[in-house]
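Below is one structure; the comments refer to it alone.
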Amino acid sequence: MRWILLILLVLSALEIGLFIWAGNMIGPWWVVILIIMTGVFGLYLAKKQGIDTWKKAQLSINRGEAPTGFIIDGICILIGAVLLFTPGFITDITGFLLVIPVTRKMFKQSMEKFIRRLMDKNTIIYRKW
């Protein structure tokens, strides 16, 4: 819990520093416009990717397969959408990396390992039907 608070504090300081630096470089109104545009475009992209992933998961279920990969994709898209909605350049870049399918693969593998570790420690309880 302490690590999360420390990360949030450092991330907020970095974001404010980037806002000030970018405001000096291109002007404060352009920074505001850029933040709004990345948020709007990012949420549109996240919604589109989320719907596509949902449809693929439904097709997988209809074929009798477990949609495990699509569930992890959905988690990545959800986290990416939250980061894109949060104002800031670092969060926007990370959000886009989580939403875009090509770059999502890096995070997807790490998330699978993290979930598997939690399952091995019995932190996550799962049942087979």
- request: Could you tell me which numbered condition Ala66 fails, if it satisfies all but one of (1) part of a helix (DSSP H, G or I); (2) in contact with a helix residue (DSSP H, G or I) (Cβ under 8 Å, 6 or more places away or on another chain)?
  value: (1)
- request: Enumerate the pairs (first residue in segment 61-84 and within 17 Å of Lys108 (Cα to Cα); second residue anywhere and assigned to a helix (DSSP H, G or I) and among the β-branched types (Val, Ile, Thr)) with beta-carbon separation below 6 Å, excluding pairs fewer than 6 apart on the same chain, so at least 6 apart or on different chains.
  value: Pro67/Ile61; Phe70/Thr53; Asp73/Thr53; Gly74/Thr53; Ile77/Val99; Gly80/Val99; Leu83/Thr91; Leu83/Thr94
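Do we find that Gly39 is under 30 Å from Gly17 (Cβ atoms), in contact (Cβ under 8 Å) with a residue 24 or more places away in the chain, assigned to a helix (DSSP H, G or I) and over 12 Å from the mean Cα position of the chain (by Cα) in this structure?
When the stated conditions are applied, Gly39 passes them.
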query: What residue, among those in segment 69-97 that are in a helix (DSSP H, G or I) and among the polar types (S, T, N, Q), is nearest to Ala13 (Cα to Cα)?
result: Thr91
field: Hits in segment 93-103 (condition: crowded, with 17+ Cβ neighbours inside 10 Å and either of a type in the set (Ser, Thr, Tyr) or touching a Leu at 6+ places or on another chain (Cβ under 6 Å) (or both))
entry: Thr94, Gly95, Val99
Test: Leu8 is aliphatic (A, V, I, L, M), surrounded by 14 or more Cβ atoms within 10 Å (Cβ to Cβ) and part of a helix (DSSP H, G or I): no
field: Residues satisfying the stated conditions in segment 18-36, i.e. surrounded by 11 or more Cβ atoms within 10 Å (Cβ to Cβ) and either over 17 Å from Ile90 (Cα atoms) or free of Cβ contacts under 8 Å to residues at least 40 places away in the same chain (or both)
entry: Ile20, Trp21, Gly23, Ile26, Gly27, Pro28, Trp30, Val31, Val32, Ile33, Leu34, Ile36
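Each reported figure results from applying straightforward, stated rules to the coordinates on display, with no laboratory input. The shown structure was predicted, so the numbers you read here are calculated from the model rather than taken from an experiment. Cβ atoms come from the backbone with ideal geometry, glycine included; neighbour counts cover every protein chain shown.
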